[in-house]
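Nothing in this text is a laboratory measurement; each read-out follows from the coordinates by a stated rule. Given the structure is predicted, the values throughout are model-derived calculations rather than measurements. Cβ sites come from the backbone with ideal geometry, for glycine too, and all protein chains shown count toward neighbours.
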Amino acid sequence: MRLSTRGHYGLKAMFDLAQNYGSSPIPLKAVAQRQNLSEHYLEQLIAMLRKAGLVNGVRGAQGGYVLAREPSKINVGDVIRALEGPIAPVYCVSEENPGACDEADNCITRTVWARVRDGIAAVMDAISLADLCREAEEGSYICKGKLPE
């Protein structure tokens with residue numbers, strides 16, 4: 001399973017908003033510059049995150065975006081699902097419709113994919129934006145790479 005730039009860049013943007021949580025609204029231009037992202041692409045991602053209820057927009061001269069909840073109450077899984085859809089290494093074990101396959105009762109590999117889905121979901125759901133901020137402060141992870149769009 002491979003995530004697209006939507007999930008990767010969206011998580012970077014949410015991390016940036018989490019690092020600035022509690023301050024004034026953050027303009028997208030500032031997030032784009034700090035995270036080395038296209039502002040135009042980021043606008044598309046923020047629209048999806050707003051629709052999912054993860055960020056709020058503030059209009060006006062001092063406007064920008066803020067997290068809709070505390071960083072400890074938003075996990076990586078929330079962000080990825082908002083941008084990429086339900087977690088599923090293959091269609092037949094989708095979180096939204098796990099029994100969608102006609103062969104579900106007879107497919108031995110389905111259990112493998114369900115376990116993979118559950119493992120990925122468990123990891124993503126166990127890491128909050130607050131955890132990422134703590135790790136960044138401790139210097140325990142640094143990501144400077146940019147993926148092609």
Seminar exercise, completed: Cα pairs beyond 22 Å in the chain, in percent, come to 44 percent
For this session: Based on the mean of other Cβ atoms within 10 Å per residue, sort peptides 131-139, 50-58 so the most packed one is first.
Result: 50-58, 131-139
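Using Cα-Cα distances under 8 Å and only pairs 6 or more residues apart, what relative contact order does the chain have, in percent? Before the final figure, lay out the partial values.
Numbers: 178 pairs, mean separation 38.8, N = 149.
RCO, the chain: 26 percent.
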Problem set entry | Packing-based order for 9-18, 78-87, using average beta carbon neighbours within 10 Å, highest first | 9-18, 78-87
For this session: In debye, nearest 20, what is the charge dipole magnitude of the chain about its Cα centre with +1 on Lys and Arg Cβ and -1 on Asp and Glu Cβ, if you could check?
Result: 500 debye
Seminar exercise, completed: Listed by chain and number, the aspartates and glutamates with an alpha carbon less than 14 angstrom from that of Lys51, same-chain partners under 8 positions apart left out, are Glu43, Asp78, Glu84
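What number in nm² do you get for region 16-56 if you take the convex hull of its Cα atoms and divide its surface by four?
Value for region 16-56: 2.7 nm².
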Exercise. Under a 5 Å amide H to amide H cut-off, with H placed in plane at 1.01 Å, what residues pair with Val55 once short-range neighbours are removed?
Worked result: Arg50, Ala68
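In what sequence do Val123, Val90 fall when counting other Cβ within 10 Å, fewest first? Write out the running numbers ahead of the final one.
On the way: Val123 11, Val90 15.
With the fewest neighbours first, Val123, Val90 line up as Val123, Val90.
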For this session: Compare Ile26, Ile46, Ile108 in a GNM of the chain, Cα atoms joined below 10 Å, and give the one with the largest fluctuation.
Result: Ile108
For this session: Work out how far the C-alpha atoms of region 1-77 reach from end to end along every principal axis, then list the three figures in whole Å, largest first.
Result: 40, 27, 21
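Per DSSP helix of 4 or more residues, -39500 (n - 2.57); summed, then divided by the residues of the chain. What does that give at 222 nm, rounded to the nearest 500? Mind showing how you got there, number by number?
Values: 6 runs with 73 residues, N = 149.
Mean residue ellipticity, 222 nm, calculated: -15500 deg cm²/dmol.
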